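In what follows, a structure is listed as structure tokens, so that the remarks can point back to it.
The values are calculated or read from the model by the stated rules, or taken from the named source; none is laboratory data. If you're wondering where the values come from, they're calculated on a predicted model, not measured in any experiment. Methodologically, a virtual Cβ is constructed for each residue, glycine included, from the backbone with ideal geometry; neighbour enumeration extends over all protein chains shown. Surface accessibility is based on the protein's heavy atoms, side chains included, excluding ligands, DNA and RNA. Shrake-Rupley method; radii C 1.70, N 1.55, O 1.52, S 1.80 Å.
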Amino acid sequence: MHDPDSLNIAGTNIFDPENQQAEREHRAAIAARWQVKKVLIHLSDNPPLKDPYAYKDIKPNHEIRVLKLYAGAPGSKLVCCLIPSSFQSPGSSAGEVDNPHIPYDALSYYWGDAHEKPSHEIYVLNDDNAHSGWSKKGKNKNLALMAGRMLIRTNLKDALEQLRSEQDHVLIWADAVCINQENIKERTAQVARMHDVYSQAKKVHIWLGNPKDEIENKNVFNFLRTILDLKELDRVVERLEQKSGNSSDKSDRQNCKSAIELMQAKWFSRRWVIQELALATNAHVRRGKQEMPWSDFADAIALFMTKYDQIKRLAFRGTIDYSTSLVPGDHHINSLEAKALGAYALVTVTNDLFRKSNQGIILQRLLSLEVLVSSMLLAFEATDPKDTVFAVLQIAKDLQGSDQSYSKRSWGLIFDLVPIILFMMWTISNRVSNTNAVASELALPKTLDKRIEANYRKCLADVCADFIEYCIESSNSLDILCRHWAPVPSSLSQSMIVEMPSWILPITGNAFGGPSQSQRSRVNGDSFVRGTERGSHYSASGSIPPSYKFGKTN
């Protein structure tokens, strides 16, 4: 048996102090080389850190940035570039537009929890030409081709990974990436053109997130497609009534449960989605790998809700045979009111907002800005409290005809209707009131009231005060002062923390509380004033106009 202390390496006794020192140096050299090799392996897929991406200026009133998402294998880094693209606007002069219009899809998605920090990297190349050089480099990327890195939140990363193709490049617009969120002037201008962004998109992807189980996800989408035939939905209810406990019964229960959970996706609670959905002409709902047209999805939800109370009673209340019921945790569905299901609330709201043509073009907006903000859309939240007002400007009837709400399609509709309007005026010229009504709907663009235009440089208190002042002047009523509608300032942004005046009533005093409480029961009494378009039954002041003066920060 050999003594370890007397081992020879290449005929040399390492017990000798000099040999021990040489051996330590030799081992250290090997370790150093291995560390260098590991770094090189890491850098082959992760180039050295580069400065955050610096946005290149665009003309925000006339252009957007389109994200070109390069083809890549699942799990690989997201690589893209941002390309300026002009709006499709009639009458734009050469000085206003420097870049051609690029056909694109638009993404509508939930940004994420307010506490979530962007943590997922995407690589942004200098321009489209840089990609050929980048892809040829293989694993040894030329960093000179990369303009910088950008950090995005998890839900956007998931959406881009699902929409990315392995063969073809994808052109898409996503607000968190395509708008410089730190540039208030640009952000304000782009929000004012949001109607053009979504109405001019070839397709709008409504991203509901990644499912917990893709097989279950596929089943629920197939279920929604199936119940578009009302007879199939009736058969589901009949099977639930029989409580057979067989595989078909259990499948029906699971599909109903999955549909209810799908209807509570966070996307349905966002205030911005109302405008995004309303202005889209080709919207598709997507979760994970499953997708269906919004029109079919909305019809399926509406049909499902006609049987909602029966389904709750039959599928989720206690049964005699607990072996055929779902897990005990599913019984919370019994307490869910219909209004608590975001998808149903959104379908109901969007059906009440507009009168549309058969092609989906908005012909008439039906609700005022005051009703939308202070009554109709209280269940829908906004990450930035100022968007409580800004996010619904383009769908209010009192802004119909403003220069922000007219697009190429609107002008085309006007010109198409001119012969009809002239014929109506000639044949029923004695009915002046009807002629005036038609003219008001097709009024030429007017200037948007400065008090309510999207201006993120104003503090939240001033946004709310200007909105109230506008409502009082427009309605000739002080009702807005009795409604609980105002957003609560964000605790995460010091710039938003402003002491709100007592005459701006917070949404937490609403009958069902704020958006975070909307799935619970009533917490407060109803407002003293009506929250609909119908006129009041009485007016204590008669025709006397209200007199008011509000103090503002600026």
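For this structure, a couple of remarks:
- The label point for GLN310 and the one for LYS203, both projected 7 Å from the Cα toward the Cβ, are 3.5 nm apart.
- Extension reserve of the ASP526-HIS26 stretch, reckoned as 0.36 nm per residue once the Cα distance is removed: 171.8 nm
- Chain lengthening between ALA144 and ASP127 when straightened (0.36 nm per residue, less Cα-Cα): 5.0 nm
- Taking a ≥ b ≥ c as the square roots of the eigenvalues of the Cα gyration tensor, region 182-261 is classed as prolate, since a/c reaches at least 1.5 and a/b is larger than b/c.
- Region 287-313 residues near the modelled GLU116 label - backbone nitrogen below 17 Å, point 7 Å along Cα→Cβ: 287-289
- Taking amide H positions as modeled 1.01 Å from N, with prolines and chain starts lacking one, the residues under 5 Å from VAL204 and 5 or more places away or on another chain are ALA106, ASN282, ALA283, HIS284.
- Projected label distance in nm at LEU151 and GLN181, using a 7 Å step from Cα toward the beta-carbon: 1.1
- Carbon/sulfur fraction of accessible area - region 146-208, other protein chains in place, 1.4 Å, %: 43
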